[in-house]
1. Being at pLDDT below 95, of a type outside the set (D, E, K, R), buried (at least 18 other Cβ atoms within 10 Å of the Cβ) and more than 18 Å from Thr58 (Cα to Cα) is the requirement here; does Gly283 meet it?
2. Identify all residues within the range 209-228 that are farther than 18 Å from Thr46 by Cβ, assigned to a helix (DSSP H, G or I) and either under 17 Å from the mean Cα position of the chain (by Cα) or not hydrophobic (A, V, I, L, M, F, W, C) (or both); write none if there are none.
3. Suppose we filter Ala129, Ala151, Ala192 for residues that are surrounded by 14 or more Cβ atoms within 10 Å (Cβ to Cβ), out of contact with any Ser or Thr (no Cβ under 7 Å at 6 or more places or on another chain) and modelled with pLDDT under 90; which single one remains?
4. Evaluate the range 242-255: report whether one residue or more is in contact with a Pro (Cβ under 9 Å, 6 or more places away or on another chain) and either under 15 Å from Leu177 (Cβ atoms) or assigned to a loop (DSSP other than H, G, I, E, B) (or both).
5. Among the helices (runs of 4 or more DSSP H) lying completely within the range 1-95, list those that include at least 3 residues that are under 22 Å from Asp146 (Cβ atoms) and either of a type in the set (Val, Ile, Thr) or modelled with pLDDT of 75 or more (or both).
6. Listed residues Val59, Val109; which is buried (at least 22 other Cβ atoms within 10 Å of the Cβ) and within 20 Å of the chain's Cα centre (by Cα)?
7. Kindly provide the set of residues from the range 87-101 that are without any contact (Cβ under 8 Å) to a residue 40 or more places away in the chain, under 20 Å from Asn56 (Cα atoms) and surrounded by 13 or more Cβ atoms within 10 Å (Cβ to Cβ), ordered by number.
Amino acid sequence: MNDQAANLRRLVGDKNTYPDPPNTQATEKKTKQQAESKGPRTIAITSGKGGVGKTNLTVNLAIALGNMGKRVIIIDADMGMANVDILLGTSSRVNLMNLLDPDVALEDVLLRGPYGVSYISGGSGMEHAGELSVTERDILFSKLEDCADWADIILVDTGAGIGKNVLDFIVSADEVLLVTTPEPTSLTDAYAVMKGYSKTTENPNLKLIVNRVIDEPEIREVVGTLSRTAEKFLKLNVECLGYIYDDQMMVKSVRSQVPILSGHPDALAARCITSIANGLVNGRQEKIKLGWRGFLRKLFRK
């Protein structure tokens, strides 16, 4: 394990073997058990590097889950970035750290954003979260407890990388969704997150989401590379929850600050995210077909 990045790069070239498909029945059973447990599911969404579409996925996943009748709250835990605000085209005057004010209650910072998205902004105050005193942590704990009465699922959008604050969030969550792209740097950074996570938790529960993929062979290559490396060096079982095809409609949606699930729900990437939401709730994955536009994209290498 002296140079895991080098090992990972060598494995990228091995396209002949792929991981076994996930045990659907076991996944369904686990999902049902989680649904029956007390309180909302807490899912941390993280990545090894920035720019892989983590926050964009979080916002659209919240919309997809809301469309399925789930009450969802996003906690923007990306230190000081307020990316959820940016993607929603909003500007929050309050954030999680305002809860330290004795006159501020949870409902004062729980924002009802557009498209039915409820969220607590990270804002600039979150960058000091690691410096909180015991008393301040107790205050936040006490007030944030009430989120359990307002949500079925809480999505925690973490920062990128393996800093202590990021690891604190993902280790504390019930489930972790690790977002990566097929780029070699993204893969090695995703592996670094797996390594840090596996060393700091006793009961790892991590699933992979591959963003900006071109076709099924690329999906199999990425998932096979990461899952084999994690199993070999970390003894960590990693399943793929889903994938998102590269889609220009996603780029347009980000630029217009209108989530693709709202502005273009039938777009290829939107259907992929809806499939991921179904996988979270029902334990089933729906295979998304590229369709005619995808055929043309592949044919003309668009």
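The values are calculated or read from the model by the stated rules, or taken from the named source; none is laboratory data. Just so we're clear, the structure is a prediction, and the values are computed from it rather than from any experiment. Please note: Cβ atoms are built from the backbone with ideal geometry, for glycine as well, and neighbour counts cover all protein chains shown.
1. Numbers: at pLDDT below 95: yes; of a type outside the set (D, E, K, R): yes; buried (at least 18 other Cβ atoms within 10 Å of the Cβ): yes; more than 18 Å from Thr58 (Cα to Cα): yes.
In short, yes.
2. Looking only at the range 209-228, we keep the residues that are farther than 18 Å from Thr46 by Cβ, and these are 213-221, 224-225, 228.
Narrowing further to those that are assigned to a helix (DSSP H, G or I): 216-221, 224-225, 228.
Those that are farther than 18 Å from Thr46 by Cβ, assigned to a helix (DSSP H, G or I) and either under 17 Å from the mean Cα position of the chain (by Cα) or not hydrophobic (A, V, I, L, M, F, W, C) (or both): Glu216, Pro217, Glu218, Arg220, Glu221, Gly224, Thr225, Arg228.
3. Working: Ala151 fails: modelled with pLDDT under 90; Ala192 fails: modelled with pLDDT under 90.
Matching residue, one of Ala129, Ala151, Ala192: Ala129.
4. The first filter runs over the range 242-255 and keeps only residues in contact with a Pro (Cβ under 9 Å, 6 or more places away or on another chain), leaving 253.
Next, from what is left, pick out any that are either under 15 Å from Leu177 (Cβ atoms) or assigned to a loop (DSSP other than H, G, I, E, B) (or both): none.
Looking for residues that are in contact with a Pro (Cβ under 9 Å, 6 or more places away or on another chain) and either under 15 Å from Leu177 (Cβ atoms) or assigned to a loop (DSSP other than H, G, I, E, B) (or both), one finds none in the range 242-255, hence no.
5. Numbers: elements: 4-12, 24-36, 54-67, 83-88.
Counting at least 3 such residues, we get 54-67.
6. Details: Val109 fails: within 20 Å of the chain's Cα centre (by Cα).
None of the other options fit; the residue is Val59.
7. Step one: filter the range 87-101 for residues without any contact (Cβ under 8 Å) to a residue 40 or more places away in the chain, giving 90-95, 97-98, 101.
Then keep just the ones that are under 20 Å from Asn56 (Cα atoms); that gives 90-92, 95.
Scanning the range 87-101 gives Thr90, Ser92, Asn95.
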